[in-house]
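See structure below.
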Amino acid sequence: MKKILFCCLLGIISLTANAGNPKRVILIALDGISINGFTQANTPHLDALLSEGALSLNTRVVMPSVTLPNWTSHLTGSGPEQHGVFNNDWTLADSHYPLQDKDADGYYPSVFTVIKEQKTEIKTAFYYNWINLFYPYNKKYLDEVSYLENDGYKENYAKALDFMLQHKQEPVLVFLYSVHTDHAGHKHQWMSDEYIQSIEEADAEIGTLIEKMKANDLYKDTYFLFVSDHGGIKYGHGGTSSDEMIVPWGIKGPKIKKGFIMEEPNNTVNTASVILHLFKIKQPDAWIGKVPHSIFK
């Protein structure tokens, strides 16, 4: 009898702990954010968020310093040598480079694939507004996908909040992306008033999302990653200057050091490795990303 009661008590404690402490990871992904742009723009909401966590101002991107190869690297823990995405025009149908690994449908394993194959209870979502961005990913490993045209992104922030509320008692991974900051650089030049304004506009929307997450008890046990894919000079990017190759990278969450400035070398390929580490999932052998352990308490 005592043994039965003890086992029941353990079960209740376990269920209560799991139900009361779901883990959420949300990637706030802004395209084309240079170090100078990030530091010059007035971003009170991002500043407040990252002051509670760890921030790198020396994160390297993979070569070439263009959009699709680097976002693919963020989300696959690998470089172009492994995932095969070398330019912005990549599609699976036109891919002739031998991928180092692939799923049954021919896609390189992304963080979404690995998570769903090992822990199906984790809910995954992908929000974006540049059509090519989604090409390297197998949709069947995502529970929600939303694309907006014409640089729209605010509606996706609302959808991401709804998704997290819908799955409040489940672990969740959300990728929340906008390209409007990059497009401002291409149209008006990096470090122009319009480019800086685009970052500040995004910060205001990030602040609204954070306040709504706090109001709905979604903030405290969530890991936030702030990531970008490249910087820029004049009207473009793709070269090897520090303005193009070095970006901000930050993380905030329950087990992350507060007010910590990272000195440890960091790269876009590490993002997916960190996500798997948070969910306690082993990364594929083909991945080259590493977890920067200095960020943890």
Can you give me the relative contact order of segment 100-212 as a percent, contacts being Cα pairs under 8 Å and 6 or more apart?
24
Run the reach check for LYS290 against aspartates and glutamates, Cα to Cα strictly under 13 Å, same-chain hits fewer than 8 apart removed. What comes back?
GLU264
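Within a 10 angstrom radius of the beta carbon, how do MET191, MET164 rank from fewest other beta carbons to most?
Details: MET191 18, MET164 23.
Placing the least packed residue first, the sequence is MET191, MET164.
With +1 assigned to the C-beta of every Lys and Arg and -1 to the C-beta of every Asp and Glu, and no other charges, what is the dipole magnitude of segment 126-181 about the Cα centre in debye, to the nearest 20? Mind dumping the intermediate values first?
On the way: 5 positive and 7 negative charges, 23 e Å.
The calculated dipole for segment 126-181 is roughly 100 debye.
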Highest GNM mean-square fluctuation, the chain, Cα pairs closer than 10 Å: which of GLU149, GLU200, GLU52?
GLU149
Quick one: which residues, 5+ away or cross-chain, put their amide H under 5 Å from the amide H of ASN267? H built at 1.01 Å from N.
ARG60
Have a look at ILE26, ILE261, ILE131 and tell me which one the Gaussian network model of the chain (Cα, springs below 10 Å) gives the largest fluctuation.
ILE131
Pick out, from LEU68, PRO171, SER273, the residue whose Cα sits farthest towards the positive end of the charge dipole of the chain, with +1 on the Cβ of Lys and Arg and -1 on the Cβ of Asp and Glu.
PRO171
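Starting from the Cα gyration tensor of segment 142-272, take the square roots of the eigenvalues, sort them a ≥ b ≥ c, and report rounded, prolate or oblate (rounded when a/c is under 1.5, otherwise prolate if a/b is larger than b/c, else oblate).
On the way: a/c = 2.01, a/b = 1.37, b/c = 1.47.
In terms of gyration-tensor shape, oblate.
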Relative contact order in percent for the chain (Cα pairs under 8 Å, 6+ apart) equals 34
Using modelled backbone amide H atoms (1.01 Å from N, in-plane), which distant-in-sequence or interchain residues come within less than 5 Å of ILE33's amide H?
ASP229, HIS230
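What helices in the chain pass both tests, a Cα length along the helix axis of 30 Å or more and a mean Kyte hydropathy of -1.0 or higher, using whole DSSP H runs? Let's see the in-between values first.
On the way: long enough: 193-215 (33 Å, -0.43).
Membrane-span-like by this rule: 193-215.
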Which aspartates and glutamates, on any chain, are close to LYS119 with Cα under 12 Å apart, when same-chain ones fewer than 8 places away are left out?
GLU170
Which lysines, on any chain, are close to LYS258 with Cα under 18 Å apart, when same-chain ones fewer than 8 places away are left out?
LYS220, LYS297
Using a simple charge model, +1 on the beta-carbon of Lys and Arg, -1 on the beta-carbon of Asp and Glu, nothing else, what dipole does the chain show about its Cα centre, in debye to the nearest 20?
1640
Using Cα springs under 10 Å in a Gaussian network model of the chain, which residue among GLY250, GLY77, GLY259 shows the largest mean-square fluctuation?
GLY259
Inter-centroid distance (Cα atoms) of segment 222-243 relative to segment 63-105, Å:
18
When PHE226, PHE163, PHE296 are ranked with the fewest other C-beta atoms within 10 Å first, the list becomes PHE296, PHE163, PHE226
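How much net charge surrounds GLY32 when only the other residues with a Cβ under 10 Å from the Cβ of GLY32 are counted, with Lys and Arg +1 and Asp and Glu -1? Write down the numbers at each step before the final one.
On the way: positive: none; negative: ASP31, ASP182, ASP229, GLU244.
Spelling it out: positives minus negatives among the neighbours equals -4.
Each reported figure results from applying straightforward, stated rules to the coordinates on display, with no laboratory input. On a predicted model such as this, the values are computed, not experimentally measured, just so you know. So basically every Cβ, Gly included, is an ideal-geometry build from the backbone, and we count neighbours across all protein chains shown.
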